[in-house]
1. For segment B:128-246, what does the relative contact order come out to in percent, with C-alpha contacts under 8 Å and a separation of six or more?
2. Relative to the longest principal Cα axis of chain B, at what angle does helix B:388-399 sit, 0 to 90 degrees, rounded to 10?
3. Highest mean first, what order results for B:190-197, B:88-95 on Cβ atoms within 10 Å?
4. What nm value, rounded to one decimal, do you get for the distance between A:ALA107 and A:HIS180 when each label is placed 7 Å out toward the C-beta?
5. Given a cut-off of 53 Å, what percent of all Cα-Cα pairs of the protein assembly as shown lie beyond it?
6. What is the Cα centroid distance between segment A:331-386 and segment B:260-292, reported in whole angstrom?
7. Is there a simple number for the mean count of other chain Cβ atoms within 10 Å of the Cβ of residues in B:376-386, and what is it?
8. Using a 7 Å offset from the Cα along the Cα-to-Cβ direction at both A:TRP491 and A:ASP271, what is the distance between the two label points in nm, to one decimal?
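Read-outs: derived from the displayed coordinates by stated rules, not from any lab. Quick caveat: nothing in here was measured; it's all calculated off a predicted structure. Neighbour counts run over all protein chains shown; Cβ positions are idealised from the backbone, glycine included.
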Number of protein chains: 2
Amino acid sequence: MHTPLALSRRVGIIDLGSNSARLMIAHYAPGQAYRITDELSRRVRLSEGLAADGRLRTVAILRAVQAVRLFKLFCDAHGIKRIVPVATAAVRDAANRADVLRQLRAATGLRFRVLTGREEAYYGALGVVNGLGLSSGLVMDVGGGSAEFSRVERGRFRRGETTPLGAVRLTEMFLNNGDHVRPAALRRLTDYVDEALDRLAWLRLAPVETLVGVGGTARALARMDREARHYPFGLLNGYELTRQRLAALVERIIELPVAERPKQLPGLPSDRADIILAGALVVQRALHRARASALVVSGHGLREGLFFEAFLPHSTSPVIRDLRTFSVLNLGRLYGYEAAHAEHVTRLALSLFDQLTERHGYAAEERACLWAAGQLHDIGTVIDYYDHHKHSAYIILNAGLPGYSHHETALIAMLCLYHRKGQPVLAELRAPPRPGDLDRVRRLAALLRLAEYLDRSRAQTITRLRLEGSGKRLRLLARPRPGADARVEIWEAQRSADLFQSAYNCQLVIEPG
Amino acid sequence: MHTPLALSRRVGIIDLGSNSARLMIAHYAPGQAYRITDELSRRVRLSEGLAADGRLRTVAILRAVQAVRLFKLFCDAHGIKRIVPVATAAVRDAANRADVLRQLRAATGLRFRVLTGREEAYYGALGVVNGLGLSSGLVMDVGGGSAEFSRVERGRFRRGETTPLGAVRLTEMFLNNGDHVRPAALRRLTDYVDEALDRLAWLRLAPVETLVGVGGTARALARMDREARHYPFGLLNGYELTRQRLAALVERIIELPVAERPKQLPGLPSDRADIILAGALVVQRALHRARASALVVSGHGLREGLFFEAFLPHSTSPVIRDLRTFSVLNLGRLYGYEAAHAEHVTRLALSLFDQLTERHGYAAEERACLWAAGQLHDIGTVIDYYDHHKHSAYIILNAGLPGYSHHETALIAMLCLYHRKGQPVLAELRAPPRPGDLDRVRRLAALLRLAEYLDRSRAQTITRLRLEGSGKRLRLLARPRPGADARVEIWEAQRSADLFQSAYNCQLVIEPG
């Protein structure tokens, strides 16, 4: 109890891309829980000035080697022995690939694995499936040197291909001629993109499917859009960027000279100001081609996909089967939650939920949020006991719950915030509210609160709850374990029943029975 | 690394007071780190309706027994075997004390230890010394049935006495006659309080000393004052309540009928509305008597004092010698901070601080804040890596740093918030700002940021820093370990030097040397 699960294994994932080189460190207990603990990012621009003969430039290779040396040094300093170093399009397509690999090996001892186009797509899709719970749809990863497209069905990677539609490559090919964008250059770029996409006949999205964007371009676009909207939720993972808003963004980018873009477009990293237009156009044309109305951004991609192979080593396909459940339990384990109490509170709360279905009319989505809040409501104790309801909400909003949407995650945080006391207010919801959200929070938090006080002793004294009555008078019969005295739990729950009574507009009397 | 220290021991402290009964659970590694993980509080009002013959009423005893049974159940459910059950004034003074203890023992198996007045004072003082770092001064604990006063010198309890000035007792004696306060009753109460305080000839405060308030009355007064001022810092521990503001509070309380007090005085717990006036008057008269200009509120009192005996078992006096250092290391250990990196960054930052003394003019207080920030800047990683600077600040502001004032704690949080990037803004300071605070944060954060990037590899590559030059041109010579290549660290530090350059109004060139 209260003992966080020990994350005894560590791995460093090195991803040498065309634009950036990244080291990602994860601590994990295989199959159970994990946490990303460090990320180093170096702007290497490996494919900068790519020669006509397809050779990477010497100075670019040197930057890459220096970056990887730093990463190796970091891993050594941390005692991280397991390192997974991969290289993608820039190295894959380089005429002097062998020389690059040799230099990397000589400088760091690391043997880089050069991913094929399909593998690049596969790992990106794996990161997305395990990061968003994508069931069926398309995944698009616009990188520096290439863009990968994948089809996912029932949570499994089906097919994937690489295209040369990388933001750095396209910028060098079409847009590196001055500060202002010329319409003719834009047309040539768009035609080139459309031609490449046309070759992917399977790049279509069915109505219930999702198009997911991965990688630096998608994240930058999401950040810019989020800033422009004053979006209240801090995590990128799960952010939805609509076609209309993307179109408006692209227009703005085109208008601005490169040097002014970071200032005028908050959220745009300054080292991406020149290449963002090309990347944004690829995303735009892909949305058009796939007939998707929006892009959902994934915070997890290739690096996480590689990580999941280490995390779920004995699977033929390292896909987390029930991502929502996993995310909630992952967070609970990381914080050492008290499983027995959390399970019991959850059970009681869901029992009330099910018995009140006709009154509240809620369904699976709300039930899943209540389940998650029941599990996680006490994790904030790790910061401080006295305001742990606040801290639980903070942790959930900042760590995120892969598999749950932003709106669901914000609801779960609200339920945790109000699980002990207080009157819910909509201003505390960290997502754009939807109709009925305040009632939703009040009605669900009321159940969680009753359940919490019905286990005030933490002894799981109450074994069963039964609601009786109708209209404005309800009776809640709480059955204690045989021989146990539940008077205290019942008294505490009765004292905390005011939220229930106002949320359900009735009187509630709690009795043993 | 990143492995939180295992808190393998647990203890439950039960404090049966005149107003409330409380159970406090702590997890700890003796002498190293601890965390309060649960608190249950039951409003027992043990001394309610105290008979003329000094016997506690049967129904009050029954409430106490039920509360303690709940606590025992809770401890059993958590597998907490070590329980420290104590009783204070209400039981101590009860004519039927033996009967009360017998009933408690029969119902729960617990043998309550009845503290003497001096012991009550002692443990309260111990809680304060280890919770605020009080060196010399007075401690006042206004409870339900009694008020304890202690003198502390050089961090040690010197003397202490109990008085019958408990909030519940005084209310029952003088104020339980209707909703409005009658001036005559108020006078009689004030005279009674002054008489009791007069007997404590040693209740005087020297100018450099502090008067600390402990217990429910002090906390309630602090909460009310904090609400009235919209005070930006959330922790009670270390809150300063001035005589003027207390006087204004007392006036407002007197004006309001009991039933209206909670609504008109946010921060006042509703179950304290009737007894708050008596308690506030005791505090007010004590401040007057001791010639103190303010009361500093301690969030730690008797229960924590009892806990510290378990925490530091082999000391003759379980006082934490250097509380600031302990608090910082406690927090670091709880979050599994990387000691080697933290130590190194701290060392580099302090080296810069010391070499720049003539430029910034700061002294021990700022240096201590920089030290703390150097140790704690990465603890937020436990929530999420990508915004860990934000989370480190959040944790510090919510867990608190006993031994540091609110203002210092808020500064430390600011330094952590800005240790990686960004331009400090005063709005992020969670304490009433003082003149020069923005410059202070910029100058100190700049040092921490350089130090952080100078250890980007986490290999502690840079062994020494030397600043040369003057006026608008400074050179920072960074010496690598023999044979080590520090180009990356120096490059990263140079890239992050803009805050330093604007904070110190000079150009900074970083070179190996």
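1. About 28 percent, as a whole number.
2. 20 degrees
3. B:88-95, B:190-197
4. 4.0 nm
5. Counting every Cα pair in the protein assembly as shown, those more than 53 Å apart make up 25 percent.
6. Using only Cα atoms to place each centre, the spacing works out to 38 Å.
7. 5
8. 6.3 nm
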